[in-house]
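Here the structure is laid out as structure tokens; the discussion comes afterwards.
We did not get these values from a lab; they are worked out from the coordinates using the rules stated. It should be emphasised that the depicted structure is a prediction, and the values quoted were computed from it without experimental measurement. Cβ atoms come from the backbone with ideal geometry, glycine included; neighbour counts cover every protein chain shown.
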């Protein structure tokens with residue numbers, strides 16, 4: 001009897017500038033919602049257009065996620081976006097229109113294209129700005145799931 005080969009998982013990739021604030025929060029929030037809704041067949045990742053080697057998840061991002069009860073990968077390390085990542089992604093979701101234009105690929109869209117609002121960079125701001133950023137991201141997660149994660 002022929003064994004059915006498992007279909008490869010579709011990769012959803014969030015992209016921001018440094019991969020320390022917005023895209024890791026979006027990654028964690030979408031991963032949690034997919035798990036909660038028992039939607040399989042997808043992997044979620046994030047990367048930065050200008051990620052720096054040796055950087056870490058912003059402590060305020062980690063705190064905002066923890067307060068919202070969203071688990072974050074303890075071994076998370078910011079990653080530099082590569083052509084390979086872009087090519088392997090089912091969809092790439094950027095935080096701003098300018099990032100979408102910069103990447104200029106068919107599989108790239110933005111929070112603005114999806115929901116009519118950009119996700120401003122909270123880097124260096126206080127915890128309340130990170131909480132608002134996470135809220136703004138989470139408001140769009142149902143649209144992302146509806147558009148890309150349901151048959």
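Only one of the numbered conditions (1) in contact with a strand residue (DSSP E or B) (Cβ under 7 Å, 6 or more places away or on another chain); (2) within 18 Å of residue 132 (Cα to Cα); (3) assigned to a helix (DSSP H, G or I) is violated by residue 19, and that is (3). The residues of segment 43-67 that are surrounded by fewer than 14 Cβ atoms within 10 Å (Cβ to Cβ) and farther than 18 Å from residue 32 by Cβ, listed by number, are 50, 52, 53, 54, 56, 59. Considered as a group, the residues in segment 27-39 that are without any contact (Cβ under 8 Å) to a residue 60 or more places away in the chain and in a helix (DSSP H, G or I) include one that is surrounded by the fewest Cβ atoms within 10 Å (Cβ to Cβ), and that residue is 36. Taking segment 40-151 and the strands (runs of 3 or more DSSP E) fully enclosed by it, the elements with 3 or more residues that are in contact (Cβ under 8 Å) with a residue 24 or more places away in the chain are at 42-48, 89-94. When the criteria are applied in full, residue 24 meets the requirement of being part of a helix (DSSP H, G or I), without any contact (Cβ under 8 Å) to a residue 60 or more places away in the chain and under 18 Å from residue 134 (Cα atoms).
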